Amino acid sequence: MTNTYHAAHFDPTVDEIDVLKRLEMGEVITQDGALREHLSGRLLEWGLISKNAGGEMAITPMGRQLIRRQDN
């Protein structure tokens, strides 16, 4: 069993914020597409996005809250 270290605070990169905004706008990102784009696994680890059984990514309420703070 491996423990994943999480810093006390999550500071998203510009690319991570871009992905969250694209998901909020309704863009469909599949697991294959995420791999091609080198999508950060941190978004999934921190619960900012979720993945359904079909492999499609979706923004979570926590992800929406984060991008709203970034816009202010």
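What is the set of long-range amide H partners of Ile29 at a cut-off below 5 Å, with H atoms built 1.01 Å from backbone N?
Met57
Show the residues, 5+ positions off or on another chain, whose built amide H is closer than 5 Å to the amide H of Thr60.
Ile49, Ser50
Order of Ile17, Ile59 from fewest to most other C-beta atoms within 10 Å?
Going from sparsest to densest Cβ surroundings: Ile17, Ile59.
Using Cβ counts within 10 Å as a stand-in for footprinting exposure, how do Leu44, Leu20 rank, fewest first?
Going from least to most buried by this count: Leu44, Leu20.
Below 8 Å, C-alpha to C-alpha, sequence gap of six or more: please give me the relative contact order for the chain in percent.
On the way: 54 pairs, mean separation 21.7, N = 72.
In percent, rounded to a whole number, it is 30.
Would you mind ranking His38, His9 by Cβ crowding within 10 Å, fewest neighbours first?
Details: His38 8, His9 5.
Arranged by neighbour count, lowest to highest, His38, His9 become His9, His38.
Give the whole-number value, in cubic angstrom per residue, of the convex hull volume spanned by the C-alpha atoms of segment 14-71.
73
Readers should treat all values here as calculations from the given coordinates under stated rules, not as data from a laboratory. Since the model is a prediction, treat every value here as computed from it, not as a measurement. When we count neighbours, we look across all protein chains shown, and the Cβ atoms used for this are built from the backbone with ideal geometry, even at glycine.
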